[in-house]
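These notes are about the structure you will find just below.
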Amino acid sequence: ASQDGAGPSCVTPRAPSSAAGPQAPLEMNLCWNEIKKKSHSLRARLEAFSDHSGKLQVPLQEIIDWLGQKDEELSAQLPLRGDVLLVQQEKETHAAFMEEVKSRGPYIYSVLESAQAFLSQHPFEELEEPTLESKDVSPRHRIQNISRFVWKQANVASELWEKLTARCVDQHRHIERTLEQLLEIKGAMEELSTTLDQAESVRETWEPIGDLFIDSLPEHIQSTKLFKEELSPMKDGVKVVNDLAHQLAISDVHLCMESSRTLEQINTRWKQLQASINERLKQLQDAHRDFGPGSQHFLSSSVQVPWERAISPNKVPYYINHQAQTTCWDHPKMTELYQTLADLNNIKFSAYRTAMKLRRVQKALRLDMVTLGTALEIFNEHDLQPSERAMDVVEVIHCLTALYERLEEERGILVNVPLCVDMSLNWLLNVFDSGRSGKMRALSFKTGIACLCGTEVKEKFQYLFSQVANAGGLCDQRHLGVLLHEAIQVPRQLGEVAAFGGSNVEPSIRSCFRFSNGKSAIEVSQFLEWANLEPQSMVWLAVLHRVTMAEQVKHQTKCSVCRQCPIKGFRYRSLKQFNVDICQTCFLTGRASKGNKLHYPIMEYYTPTTSSENMRDFATTLKNKFRSKQYFSKHPQRGYLPVQSVLEADCSET
């Protein structure tokens, strides 16, 4: 426009100067016409560009506004409510919303394609910012700015369109998944409610525990266990429903009030049903334990008023004296038995003192009438292998009850089973579980019964060895140590362990393995050869056998000390003086007449003497008459035995 106004003045004729040629005005007219033509062309292009860009900017802005509005509408559809009907309605609404968006797609794609075509015709470059001094914007910059603005609008519209379509798809999937989970929860809760109704109706038919017969308790226990197993799928069902509800909550979908209440009721009813089943099963098992065939209830008759037998939480019995208002671990009869054992403390020789105490315990427990064969049958019936496994008090009671019932059957005698079981249990706990933990090893139980049963001592040693030997019949030092440790607990409980080497069994192990010929394990024959020598740690078991054998023996001779005739039990004959015989009471307590000192060679008899034995003793006594006192002082007497039979008597028998 400025050129149009300035043009005429620029081409007004002037007087030619001497420097200008005659062609100057003509050239200026040609230049001006060319400039004017270009100006008109530029104006036409600017008008066409402005008209085209204006047709793109308006629809692009409309698309941007529409997409923003639809994005807000889509956000307003969340969160979903946890109700099947509402989610189904939301699904239909979203389907209509997606259809609307889908129908708008062709128009949006058309506008975006037009914008792309426009930008390809009018590309723009990133130019430097104009300086502050230049107030007017050039036409080229105007075109660049308009193209840049269209490009930004097209990008925003494209991003919003892609975001909206992606959100529509995601929300459609979310609604589908939520609806599927809600339908699954609804069906599962209906099924669980039906199953709970049936289970609760079964629970209502349960009879009170006190009205049940004792013989029917095992049947009721089994039926309750089966009922519990039948309900195990319900446990999985309840877990699935709760997991689904938790997954919905993570997705910001919360169950409606009615569904939440139903789920809470199902969880509460299921917990109550579980608790009632467990309580019912516990009551049945407790009743069966306390009153059933294998219970301890029958042992309550082992004590009399004012005593009461009670059971600790680990099933170990203890005894309450209501008159004295005291409690103790020992049975009243066991306490009386231990008091009578004090009468034997005047016996000088510990092996005999221990053996005679054990003999009283053995007879009080009536284990002297039980054979090892009978005991082995009971052990096998109750599967007491391996020997290392632990037995609780109930298992011990079951074994002892079966043992004494078998004794009644085999011997045809009347046995006070409750008293014998309770006393034997008391003794076993005192020996092998003095801390009353309620547990003992099967090897401990078998060792205690085998030591006190009425069987030959050789058979006892053979059986005890078999319990620690391997499949090949060999026993190493470690397992032999375990056996000796268990056995030494018997005299330890009586306070006699010091005389038998104490609780350290290592010397006994070393002395036994001298018979192994340098091997790392011993055979039963080698063990029996060692045991036959009556080693210090096990001598009490051999002496117990002799005490038992001597009880019914009568020797037709007079005691040189107390003048008792006949001598009952052990008979001790002097091998230094003729016609000097001493009864077991006088000898073991140290009573002796003047001149009959105990360090003289003495022969012990626990069976009636024969004529050959009398002749042999006469010859030995005659020989000892001519021996000096220094000879006998070379062989000091061991404190746990009354005689050193082999060296002092020069014979192989004791």
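The values are calculated or read from the model by the stated rules, or taken from the named source; none is laboratory data. Values in this document were obtained by computation on a predicted structure and should not be read as measured data. All Cβ positions, glycine included, derive from the backbone under ideal geometry; neighbour counts span all protein chains shown. To get the accessible areas, we keep the full protein, side chains included, count just its heavy atoms, and leave off ligands, DNA and RNA. Shrake-Rupley method; radii C 1.70, N 1.55, O 1.52, S 1.80 Å.
Which residues, taken from the stretch 103-120, are under 10 Å from residue 154 (Cα atoms) and free of Cβ contacts under 8 Å to residues at least 24 places away in the same chain? Listed by number, the list holds a single entry, 113. Taking the listed residues 496, 459, the one that is out of contact with any His (no Cβ under 6 Å at 6 or more places or on another chain) and closer than 15 Å to residue 355 by Cβ is 496, with no other qualifying.
Of the residues 21, 7, 68, 54, only one is small (Gly, Ala, Ser), open to solvent by less than 60 Å² (accessible area, probe 1.4 Å) and modelled with pLDDT of 70 or more; which?
Result of the check over 21, 7, 68, 54: 68.
All of (1) in contact (Cβ under 8 Å) with a residue 60 or more places away in the chain; (2) among the hydrophobic types (A, V, I, L, M, F, W, C); (3) open to solvent by 70 Å² or more (accessible area, probe 1.4 Å) hold for residue 539 with one exception: (3).
Reported count of residues in the stretch 282-303, each being in a helix (DSSP H, G or I) and open to solvent by less than 20 Å² (accessible area, probe 1.4 Å), is 4. The single condition among (1) without any contact (Cβ under 8 Å) to a residue 40 or more places away in the chain; (2) basic (Lys, Arg); (3) surrounded by 14 or more Cβ atoms within 10 Å (Cβ to Cβ) that residue 519 does not satisfy is (3). Pairs needed: first member in the stretch 490-514, farther than 22 Å from residue 449 by Cβ and among the acidic types (Asp, Glu); second member anywhere, in a helix (DSSP H, G or I) and open to solvent by less than 30 Å² (accessible area, probe 1.4 Å); C-beta distance under 9 Å; at least 6 residues apart or different chains. Listed pairs, sorted by first residue: 506/481.
What about residue 317, is it modelled with pLDDT of 90 or more and within 21 Å of residue 434 (Cα to Cα)? In short, yes.
Please indicate, with yes or no, whether at least one residue in the stretch 471-488 is in contact with a Gly (Cβ under 8 Å, 6 or more places away or on another chain), closer than 23 Å to residue 533 by Cβ and open to solvent by less than 30 Å² (accessible area, probe 1.4 Å). The answer is yes, given that some residue of the stretch 471-488 is in contact with a Gly (Cβ under 8 Å, 6 or more places away or on another chain), closer than 23 Å to residue 533 by Cβ and open to solvent by less than 30 Å² (accessible area, probe 1.4 Å). Test residue 544 against the criterion of being surrounded by 14 or more Cβ atoms within 10 Å (Cβ to Cβ) and at pLDDT 90 or above, and give yes or no. Yes: the conditions hold for residue 544. When the stretch 376-399 is filtered for residues that are without any contact (Cβ under 8 Å) to a residue 60 or more places away in the chain and either over 18 Å from residue 486 (Cβ atoms) or outside any helix (DSSP H, G or I) (or both), the ones remaining, listed by number, are 377, 378, 380, 381, 382, 383, 385, 386, 388, 389, 390, 391. Please determine, by comparing only the residues of the stretch 198-215 that are modelled with pLDDT under 90 and in a helix (DSSP H, G or I), which one is nearest to the chain's Cα centre (by Cα). Filtering first and then ranking leaves 209.
Taken over the stretch 565-585, residues that are more than 21 Å from residue 352 (Cα to Cα) and out of contact with any Phe, Trp or Tyr (no Cβ under 8 Å at 6 or more places or on another chain) amount to 4. Look through the stretch 366-387, keep the residues that are of a type in the set (S, T, N, Q) and under 13 Å from residue 410 (Cα atoms), and return whichever of them is surrounded by the most Cβ atoms within 10 Å (Cβ to Cβ). Looking at the filtered set, the residue picked out is 374.
Among the residues making up the stretch 150-207, those that are closer than 30 Å to residue 277 by Cα, open to solvent by 50 Å² or more (accessible area, probe 1.4 Å) and among the charged types (D, E, K, R) are 184, 186, 190, 191, 197, 203, 204, 207.
Selection over the stretch 558-579 of residues that are outside any strand (DSSP E or B) and either open to solvent by less than 30 Å² (accessible area, probe 1.4 Å) or within 30 Å of residue 514 (Cα to Cα) (or both) gives a count of 5. Taking the stretch 526-582 as the range and being within 60 Å of the chain's Cα centre (by Cα) and of a type in the set (Ser, Thr, Tyr) as the test, the residues that pass are 537, 548. Residue 606 meets all of the listed conditions (1) modelled with pLDDT of 80 or more; (2) open to solvent by 20 Å² or more (accessible area, probe 1.4 Å); (3) within 60 Å of the chain's Cα centre (by Cα) but one, namely (1).
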